[in-house]
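Here the structure comes first, spelled out in structure tokens, and everything after it is commentary.
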Amino acid sequence: MTPMERRPTPVDNQAKNRAPHGSPILWGGELAALQRDASFYHRPNTRSAKATHVAVYSTQLSTQGGGALGHFGAACAPGEIMLNEDLFFAAEEVGERARCRRRACESLFAAARRQRGDLDHIRSYYGLEHRIGVRVELGLRVQHEGHPGTIIDTRGQYLVVRLDDEPAPVTVHATSGMTYQGKDGWVRAVPLPDPYASV
Ligand SMILES: [Zn+2]
């Protein structure tokens, strides 16, 4: 399983509802990264370069007195490293030198790179935005063979979907048995026209 498949379903950074601990945070349909929030330290370390971490939802951040702080933690230490919610980055846009190198962040930065390439390909190849008005991205609600779920990852030119009634993710073809949540409601994907049909 990929790091995305081992984690709870990713959630948009604007989501108002509480999400399960460890859910990746999305920014514009991609994994989000944030800098560490040092504002609550007595002597924040402002001299070393701020590491940027991949953001996940955290239910375990608290002050020493037990008060709740933010909800976004670093993937590498979600209960310990609170992230500054003021400045979102797409993880793939973060420069190499600024990236946290701890294991969980590193693996999600790598996932973000793979997903960017896969989504670029899926969007341009199947043209769903142009043909049915749907921009394929992580977190998008879909139905596969009538079963609702959420896009949680990519696998080459395929999408990885977690269905609401089935915890194990399924790998699906972008236009086969797929209905997408569009701006004006559900819209069924149609296969690409056969390029030889009109030759
Ligand atoms: Zn990290």
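General remarks:
- When Ile81 is tested against (1) crowded, with 20+ Cβ neighbours inside 10 Å; (2) away from the ligand (no atom under 16 Å from the Cβ); (3) modelled with pLDDT under 95, only condition (2) is not met.
- When the test is whether a residue is in a helix (DSSP H, G or I) and either within 16 Å of the ligand (Cβ to nearest atom) or open to solvent by 40 Å² or more (accessible area, probe 1.4 Å) (or both), Arg101 does not pass it.
- Extreme residue, surrounded by the most Cβ atoms within 10 Å (Cβ to Cβ), among residues of the range 126-145 that are in a helix (DSSP H, G or I) and without any contact (Cβ under 8 Å) to a residue 40 or more places away in the chain: Glu129
- So Gly117, is it assigned to a helix (DSSP H, G or I), under 18 Å from Leu31 (Cα atoms) and not hydrophobic (A, V, I, L, M, F, W, C): yes
- First in the range 104-115 and aliphatic (A, V, I, L, M), second anywhere and near the ligand (Cβ under 10 Å from one of its atoms) and outside any helix (DSSP H, G or I), Cβ under 7 Å, 6 or more apart: Ala104/Ala75; Ala104/Cys76; Leu108/Val54; Leu108/Ala75
- Odd one out for Gly133 among (1) within 14 Å of the ligand (Cβ to nearest atom); (2) over 17 Å from the mean Cα position of the chain (by Cα): (1)
The values are calculated or read from the model by the stated rules, or taken from the named source; none is laboratory data. The structure presented is a predicted model; accordingly, all values stated were derived computationally and were not measured. Virtual Cβ from ideal backbone geometry, glycine too; neighbours counted across all protein chains shown. Just so you know, the surface numbers come from the protein's heavy atoms only, side chains and all, with ligands and any DNA or RNA stripped out. Shrake-Rupley method; radii C 1.70, N 1.55, O 1.52, S 1.80 Å.
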